[in-house]
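The values are calculated or read from the model by the stated rules, or taken from the named source; none is laboratory data. Just so it is clear, the structure is predicted and the values come from calculations on it, not from any experiment. Don't worry about glycine lacking a Cβ; one is built from the backbone with ideal geometry, like all the others, and counts go over all protein chains shown.
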Amino acid sequence: MKYKHPFTVPRKSSLISALVVATWVPGVSVFAQSDSGYMGLEEVVVTARKREESVQSTPVSMVAFSETALEARSISSFKQVGEIAPNIEINGGIPNGGGSATQIFIRGVGQDDYSFPNEPGVGLYIDGVYVSRSAASDFGFMDIERIEILRGPQGTLYGRNTIGGAVKIVTNKPTGETGGRVGVTVGDYDRIDAFVNYEMPLSDTVAAKVALATFNRDGLGENFIGQDLGEEDELDIRLALRWQPSDTLDVLFAADYMTQEQAGPAGSMVRFDDLDEGTDGLINGILAPQTAAELGLEPPFDVYGDAYVKTLDDCDDCVFDSGGTVKTRDDADIWGMSLTVDKDYGSMQLKSITAMRDYDIDIRRDSEHTPFDIVQVDNPEEFTQYSQEFQLLGQAMNDRLDWVAGFFGLYEDGESELYAPLLSGLYDAIAFDLTALINTDYEAYSVAAYAEGTYHLSDRLGITVGGRLTRDDKEYVYGLSRPESGDVPLPPETLEEDWTEFLPKLGVEFQQTDDLLWYGNASRGYKAGGYNSRALSGIAPKAYDPEYINSFEAGVKSTLLNNTLILNGAIFYNDYQDIQLLAVLDLGGGNVETVIENAGEATIIGGELEFQWAPTAQFNMSGGVGFLDAEYDDIGDSASSAGISEDNELINAPEVSANLSAEYIFNMGQGDLTMRADMIYRDEQYRDAVNTPELMAESYTIWNGRLTYTPPSQQWEVAAFVTNITDELYVTNGVEVLGLGYVEAYYNRPREWGLAFSMNFGD
């Protein structure tokens with residue numbers, strides 16, 4: 001028999017890929033059609049449990065979004081993903097971390113510090129490769145097949161830093177076809193985004209794909225030296241080679257590169273407190289007059305303080321006109337490669353994922369939002385990670401047992417330099433230099449073995465048991481010096497620590513009918529401890545402990561009304577222990593230190609209710625609402641000294657969050673016109689652990705709209721869109737800098753409009 005080209009064989013993986021591209025996701029009009037007409041909503045296939053299965057049969061609280069869904073919502077970057085579902089918060093512009101870093105919180109659990117050796121609280125995966133750093137994770141979307149977001153700890157199958165959940169980004173793979181897609185988006189703030197994807201067969205068994213994208217927009221405001229703040233320039237390249245010599249072997253090599261330049265987040269000083277006598281004398285007595293003379297400023301701009309306070313109560317867009325006299329930049333070069341091998345042995349399947357990623361990031365910050373050189377930070381980092389994962393999946397006991405087992409290994413190696421010139425504008429006026437230079441080297445090893453199995457007691461009832469044994473080893477070399485004076489307050493010191501944890505999971509699922517699933521899960525999450533990397537006081541960096549979560553979840557997934565309504569819900573109880581929180585300590589004399597502190601314990605209770613309703617092929621609605629009741633039960637001494645109390649609310653944990661979307665397709669004879677509206681609501685929430693009043697994001701509602709025309713050929717489409725129609729502004733991030741008397745805040749992007757065009761070409 002003549003061998004058949006694998007790319008033309010309707011293999012299971014190919015069918016699933018095709019299905020997902022046109023699958024149901026919240027807020028997207030996707031329907032099954034037949035000769036007889038409308039058949040309702042399509043099935044959604046995901047890999048939340050390391051194997052391909054329908055969303056509606058997966059006993060996990062999760063959402064999945066296709067590339068079509070992201071485009072329909074006018075989402076072009078990772079940090080916008082936090083808008084698409086309740087109880088999910090993704091923010092960019094982290095204080096001390098720059099606009100290139102992101103923080104991810106799910107159900108009130110995450111981490112708001114980018115710096116290694118601090119671990120993120122939600123695991124991020126790109127094509128199965130774990131991304132261990134939150135720095136430079138605010139990337140533009142390019143050739144995305146789908147995104148899966150898993151709520152709650154995923155420690156058994158995904159690892160130590162999925163204590164809040166996991167985000168899985170899956171890119172499009174070569175299919176063996178010839179053709180591609182090209183598109184451009186123009187809009188407000190001189191936005192120009194462009195992309196091109198092209199794939200082609202290289203032989204009967206080898207196919208290649210290349211994707212190129214660029215994202216560019218001007219800033220939202222200017223600082224005192226005329227620099228645009230919030231400016232973004234990014235270039236992304238991805239190459240994929242796929243070899244399928246048979247139906248049982250699939251080998252994928254992928255490489256990607258991103259270069260990113262951002263002019264720092266746009267924000268303002270939102271509060272100023274009186275300084276102590278010594279600090280006031282240095283700044284207002286010496287520095288302010290000197291700076292005023294250099295910049296030609298007129299009173300009242302020769303006084304550090306209230307003159308530079310800008311809040312949303314005072315104005316709107318003026319909060320983007322930050323101060324500063326240092327060029328604030330976030331520059332990043334990131335590249336990586338991976339080799340994924342899938343081998344089907346019939347009764348079981350083996351997957352191997354070998355990967356490495358390299359980060360070169362330079363974050364420069366002038367953060368006090370005045371023309372005076374008071375607080376500057378220059379933080380270059382180089383970081384490399386290597387990872388290897390083996391997964392083995394199969395069935396046993398007459399197909400009653402679905403099982404997965406695996407091994408994961410990770411090695412991380414990085415170095416960082418933190419230049420922290422305090423009161424640097426005084427160098428010419430005083431005889432001493434307060435600049436601090438922190439040199440750090442970081443190594444970490446993580447190994448884990450895991451297994452999980454679901455035993456089907458009957459066709460309807462199944463029990464899941466799993467566990468993961470993880471060991472983490474960290475080595476941290478820290479040195480502090482004052483370069484100008486030659487002072488070495490803390491010579492290089494090596495700090496080492498290791499942790500070993502077992503993370504169990506127990507679950508039950510009851511498929512009452514083909515369209516109704518009940519489930520319950522009990523699991524444990526864990527995030528490794530570490531060492532604070534910004535100790536400026538001459539005292540050895542203080543260690544912080546791991547954090548843990550014991551989670552209990554019950555949920556239901558249902559398909560109703562003849563496959564036209566999906567209604568899913570979940571409730572949960574989380575016992576959150578040794579919480580790692582970012583805090584700023586006042587050391588006196590204008591000296592401050594940014595540290596991670598274990599804040600004690602908290603209880604988080606909540607739930608989600610989500611729906612998709614598509615009564616016709618032309619109309620659909622989707623939405624969801626999330627609830628959180630997050631309270632501290634106990635506060636440790638270290639957290640208390642940082643200003644955290646039991647009365648505080650957890651960071652990025654709104655009590656109510658909601659989403660609602662509606663879409664209607666007008667059949668015009670000469671094509672389709674699709675009208676879409678999206679609503680995002682978030683209750684008030686705090687952006688720092690100490691609950692600084694000025695850093696509370698008041699409740700807000702965002703409205704987005706999109707109008708899309710598609711011709712009968714469906715070869716191209718053009719769309720007009722507006723995001724944040726009502727021009728809502730709210731705090732996304734910020735920090736209170738004790739000792740220097742100010743609070744800085746960053747904000748979301750204002751109303752923006754755009755036009756988007758895309759076209760398919762080739763076979």
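Brief remarks on what is shown
Yes/no per residue for (1) assigned to a strand (DSSP E or B); (2) farther than 25 Å from Val131 by Cα; (3) without any contact (Cβ under 8 Å) to a residue 40 or more places away in the chain:
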{"position": "Ser338", "(1), (2), (3)": "yes, no, no"}
{"position": "Arg357", "(1), (2), (3)": "yes, no, no"}
{"position": "Thr384", "(1), (2), (3)": "yes, no, yes"}
{"position": "Tyr419", "(1), (2), (3)": "yes, yes, no"}
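- Of all the listed residues (Ile94, Ile90), the sole one being within 30 Å of Asp333 (Cα to Cα), modelled with pLDDT of 80 or more, under 26 Å from the mean Cα position of the chain (by Cα) and buried (at least 18 other Cβ atoms within 10 Å of the Cβ) is Ile90.
- Of all residues in the stretch 390-404, those being at negative phi and either crowded, with 22+ Cβ neighbours inside 10 Å or outside any strand (DSSP E or B) (or both) number 2.
- Considering only residues in the stretch 293-319 that are within 28 Å of Tyr747 (Cα to Cα), among the hydrophobic types (A, V, I, L, M, F, W, C) and in a helix (DSSP H, G or I), the one that is modelled with the lowest pLDDT turns out to be Leu295.
- Strands (runs of 3 or more DSSP E) completely within the stretch 156-208 that count 1 or more residues being of a type in the set (Gly, Ala, Ser), touching a residue at least 12 places away in the same chain (Cβ under 8 Å) and over 21 Å from Glu71 (Cα atoms): 165-171
- Residue match in the stretch 217-225 (condition: under 30 Å from Gly267 (Cβ atoms), assigned to a strand (DSSP E or B) and of a type in the set (D, E, K, R)): yes
- Within the stretch 243-275, being among the aliphatic types (A, V, I, L, M) and either at pLDDT 95 or above or surrounded by fewer than 17 Cβ atoms within 10 Å (Cβ to Cβ) (or both) holds for Leu249, Val251, Leu252, Ala254, Ala255.
- Answer residue from the stretch 664-715, given it is touching a Leu at 6+ places or on another chain (Cβ under 7 Å) and closer than 30 Å to Ile596 by Cβ and is surrounded by the fewest Cβ atoms within 10 Å (Cβ to Cβ) among those: Tyr686
- The one condition from (1) on the phi < 0 side of the Ramachandran plot; (2) at pLDDT 85 or above; (3) in contact with a helix residue (DSSP H, G or I) (Cβ under 9 Å, 6 or more places away or on another chain) that Glu53 does not meet is (3).
- Flag for Arg751 being among the charged types (D, E, K, R) and surrounded by 19 or more Cβ atoms within 10 Å (Cβ to Cβ): no
- Filter pass, Thr68 being within 25 Å of Thr214 (Cβ to Cβ), at pLDDT 85 or above and among the polar types (S, T, N, Q): yes
- Answer residue from the stretch 673-697, given it is among the charged types (D, E, K, R) and at pLDDT below 95 and is nearest to Ile75 (Cα to Cα) among those: Arg687
- The sole residue among Glu234, Glu199 that is among the acidic types (Asp, Glu), surrounded by 21 or more Cβ atoms within 10 Å (Cβ to Cβ) and farther than 30 Å from Asp727 by Cβ is Glu199.
- Test: residue in the stretch 304-318 that is in contact with a helix residue (DSSP H, G or I) (Cβ under 9 Å, 6 or more places away or on another chain), on the phi > 0 side of the Ramachandran plot and not acidic (Asp, Glu): yes
- Within the stretch 723-742, considering residues that are at pLDDT 90 or above and hydrophobic (A, V, I, L, M, F, W, C), the one surrounded by the fewest Cβ atoms within 10 Å (Cβ to Cβ): Ile725
- Lone unmet requirement of (1) in a helix (DSSP H, G or I); (2) touching a residue at least 60 places away in the same chain (Cβ under 8 Å); (3) surrounded by fewer than 22 Cβ atoms within 10 Å (Cβ to Cβ) for Gly281: (2)
- Yes/no for Ala583 being part of a strand (DSSP E or B), buried (at least 21 other Cβ atoms within 10 Å of the Cβ) and touching a Leu at 6+ places or on another chain (Cβ under 7 Å): no
- Here the stretch 596-617 is the region considered, the condition is being part of a strand (DSSP E or B) and among the small types (Gly, Ala, Ser), and the residue that is nearest to Gln56 (Cα to Cα) is Gly607.
- Any hit, the stretch 47-59, residues being in a helix (DSSP H, G or I), in contact (Cβ under 8 Å) with a residue 24 or more places away in the chain and farther than 22 Å from Ile571 by Cβ: no
- Test for Ala720: is it under 30 Å from the mean Cα position of the chain (by Cα) and surrounded by fewer than 16 Cβ atoms within 10 Å (Cβ to Cβ): yes
- Residues that are surrounded by 16 or more Cβ atoms within 10 Å (Cβ to Cβ) and more than 15 Å from Tyr125 (Cα to Cα), drawn from the stretch 335-348: Val341, Asp342, Asp344
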